[in-house]
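Engineer: One structure is given below, represented as structure tokens, and several questions about it will come after.
The values are calculated or read from the model by the stated rules, or taken from the named source; none is laboratory data. This one's a predicted model, so the numbers in the text were calculated from it and none came from an experiment. Positions of Cβ are backbone-derived with ideal geometry, glycine not excepted, and every protein chain shown enters the neighbour counts.
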Amino acid sequence: MRAMGKMRRLMAPVLCGAAVTAALVAPTARAAPVGHPDRDPGWVLTATGTEVRLRGLAAVGRDAAWAAGTGGTVLRTTDGGRHWQDVSPAGAAGLEFRDIEAFDRRRAVALSIGEGEASRVFRTEDGGTTWSESFRNTDARAFYDCLAFFDHRHGLAMSDPVDGRFRVLSTSDGGRNWRVLPDAGMPQAQPGEAGFAASGQCLVSSGTRDVWLATGGAATSRVLHSGDRGLNWTEAASRIPAGDPARGVFGLAFRDRAHGIAVGGDYRADQPSPEAASVTGNGGRSWRSADAPPPAYRSGVAWLPHSRWSALAVGPTGTDVTRDGGRTWRTVDTGSYDTVDCASDGGCWAAGEKGRVARLR
């Protein structure tokens, strides 16, 4: 089972490209949108100066964002993507960053994935000039996938099952210190069940106490919910097909503690994903399949800021938009992205393979 779990998390080819320059100035290039340009959102590509795959993303605002990925890479922009700085932690070149959570332009927490000591957490308070390693996994059975924060102090990190249950770390000081939570309130994992470290969205929060955990790989893909910061969990079937190590829920987004969207499918390019999205209106107690889902596998999803009904989903074959809370989706861009994130000021960003980072126009 561990071998299959490792395949799921390291599923995409590692693209080793040129080193990221400390600051790169280059004109932006527009992605090719489809649909209705006067109404639909569209992405504007930015020049990051790297070819690595960027699956971790944190939108701070229209002008500021963080991205993290292969080869221990962490990037940061504070001018809308015109310049990207390589702010990678020293000595992290052998690590795979798959999630990054930012509190502002200067403070961020990044997670690297892998078995045993490859799973680590780093934090910075000076815009990435210096980093401190605040957690290193010493249990060979654990494999950490995602981070989520409720506020600038309280957060969680989740690992694939250990002794039959998903393992959860907790911090109450902004990621400086971490402790393993008791698992008595965690449902038993299914055989082969795990999380997908594909977009940093297999663990997401809303408000001060609610958090959801997405799964796949087992007979049924599930969404687990905790209303007490990870101590006790309930579970529900997501309606996204599973039954294979490559299938399940890859990304979650909640606009409040009731309304959520799940996306996923089968990440293999030669396999269909006919039911790649589902929705909930009761905090994840139950889910229903989208009436018109995205046409292919999607790994990331985000609500558009200050919208009750509009959201974006991204994947290797394109971007889709919903205007009815996730029930129906329509493709608006054909560029490849793995993850998407939006800030409260309306700034939305997407990131993915070959160093691709774009902002929403």
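Engineer: Of all residues in region 156-177, which are surrounded by 23 or more Cβ atoms within 10 Å (Cβ to Cβ) and part of a loop (DSSP other than H, G, I, E, B)?
Structural biologist: If the condition is that a residue be surrounded by 23 or more Cβ atoms within 10 Å (Cβ to Cβ) and part of a loop (DSSP other than H, G, I, E, B), then Gly175 is the only one that fits.
Engineer: Any idea which residue in region 312-346 is farthest from Leu75 (Cα to Cα), counting only those that are surrounded by fewer than 24 Cβ atoms within 10 Å (Cβ to Cβ) and among the small types (Gly, Ala, Ser)?
Structural biologist: Gly325
Engineer: Can you list residue pairs whose Cβ atoms sit under 6 Å apart, with the first residue in region 249-277 being of a type in the set (Phe, Trp, Tyr) and the second being part of a strand (DSSP E or B) and buried (at least 24 other Cβ atoms within 10 Å of the Cβ)? Count only pairs 6 or more apart in sequence or on different chains.
Structural biologist: Listed pairs, sorted by first residue: Phe250/Gly264; Phe254/Gly260.
Engineer: Taking region 259-273 only, how many residues are crowded, with 17+ Cβ neighbours inside 10 Å and not small (Gly, Ala, Ser)?
Structural biologist: Within region 259-273, residues that are crowded, with 17+ Cβ neighbours inside 10 Å and not small (Gly, Ala, Ser) number 5.
Engineer: When you scan region 72-89, do you find a residue that is more than 20 Å from the chain's Cα centre (by Cα), surrounded by fewer than 17 Cβ atoms within 10 Å (Cβ to Cβ) and over 26 Å from Val332 (Cα atoms), even just one?
Structural biologist: No, region 72-89 contains no residue that is more than 20 Å from the chain's Cα centre (by Cα), surrounded by fewer than 17 Cβ atoms within 10 Å (Cβ to Cβ) and over 26 Å from Val332 (Cα atoms).
Engineer: Checking the structure you have, find out if any residue of region 91-114 is of a type in the set (Asp, Glu), under 30 Å from Leu169 (Cα atoms), at pLDDT 95 or above and touching a Leu at 6+ places or on another chain (Cβ under 6 Å).
Structural biologist: As a first pass, look at region 91-114 and keep what is of a type in the set (Asp, Glu): 96, 99, 101, 104.
Subsequent filtering for residues that are under 30 Å from Leu169 (Cα atoms) retains 96, 99, 101, 104.
Narrowing the set further to residues that are at pLDDT 95 or above leaves 96, 99, 101, 104.
From the residues that got through so far, the ones that are touching a Leu at 6+ places or on another chain (Cβ under 6 Å) too are 99, 101.
Yes, region 91-114 contains a residue that is of a type in the set (Asp, Glu), under 30 Å from Leu169 (Cα atoms), at pLDDT 95 or above and touching a Leu at 6+ places or on another chain (Cβ under 6 Å).
Engineer: Has region 231-245 got at least one residue that is touching a helix residue (DSSP H, G or I) at 6+ places or on another chain (Cβ under 7 Å) and assigned to a loop (DSSP other than H, G, I, E, B)? Before the answer, list the steps.
Structural biologist: Restricting attention to region 231-245, the residues satisfying the condition of being touching a helix residue (DSSP H, G or I) at 6+ places or on another chain (Cβ under 7 Å) are 245.
Remaining after also requiring assigned to a loop (DSSP other than H, G, I, E, B): 245.
Within region 231-245 (the criterion being touching a helix residue (DSSP H, G or I) at 6+ places or on another chain (Cβ under 7 Å) and assigned to a loop (DSSP other than H, G, I, E, B)), the answer is yes, since at least one residue qualifies.
Engineer: Follow-up question, since we're still on this one. Which of the numbered conditions does Tyr144 fail, given that it passes all the others? Conditions: (1) surrounded by fewer than 22 Cβ atoms within 10 Å (Cβ to Cβ); (2) of a type in the set (Ser, Thr, Tyr); (3) closer than 25 Å to Arg107 by Cα.
Structural biologist: Only one criterion is unmet by Tyr144, namely (1).
Engineer: Another question about this same structure. Can you confirm whether Ala276 is among the aliphatic types (A, V, I, L, M) and surrounded by 17 or more Cβ atoms within 10 Å (Cβ to Cβ)? Steps first, answer last, please.
Structural biologist: Numbers: among the aliphatic types (A, V, I, L, M): yes; surrounded by 17 or more Cβ atoms within 10 Å (Cβ to Cβ): yes.
Answer is yes for this residue.
Engineer: Right, something else. Could you check region 72-93 and list, in sequence order, the residues that are in contact (Cβ under 8 Å) with a residue 24 or more places away in the chain and either under 26 Å from Leu156 (Cβ atoms) or of a type in the set (D, E, K, R) (or both)? Show your work before the answer.
Structural biologist: From region 72-93, those in contact (Cβ under 8 Å) with a residue 24 or more places away in the chain are 72-78, 80-90, 92; that's our starting set.
Scanning region 72-93 gives Gly72, Thr73, Val74, Leu75, Arg76, Arg82, Asp86, Val87, Ser88, Pro89, Ala92.
Engineer: Next up: Which members of region 127-141 meet the condition of being within 22 Å of Val60 (Cα to Cα) and either outside any strand (DSSP E or B) or of a type in the set (Phe, Trp, Tyr) (or both)?
Structural biologist: Residues satisfying the conditions are Gly127, Gly128, Thr129, Thr130, Trp131.
Engineer: List the strands (runs of 3 or more DSSP E) that sit entirely inside region 271-361 and contain at least 3 residues that are modelled with pLDDT of 95 or more and over 15 Å from the mean Cα position of the chain (by Cα).
Structural biologist: On the way: elements: 277-280, 300-303, 311-315, 318-322, 330-333, 339-342, 348-351, 357-360.
Here the list reads 277-280, 318-322, 330-333, 357-360.
Engineer: Out of Trp349, Trp287, Trp309, which single residue is over 22 Å from Thr73 (Cα atoms), crowded, with 20+ Cβ neighbours inside 10 Å and either touching a residue at least 60 places away in the same chain (Cβ under 8 Å) or touching a strand residue (DSSP E or B) at 6+ places or on another chain (Cβ under 9 Å) (or both)?
Structural biologist: Details: Trp349 fails: over 22 Å from Thr73 (Cα atoms); Trp309 fails: crowded, with 20+ Cβ neighbours inside 10 Å.
Going through Trp349, Trp287, Trp309 in turn, just one is over 22 Å from Thr73 (Cα atoms), crowded, with 20+ Cβ neighbours inside 10 Å and either touching a residue at least 60 places away in the same chain (Cβ under 8 Å) or touching a strand residue (DSSP E or B) at 6+ places or on another chain (Cβ under 9 Å) (or both): Trp287.
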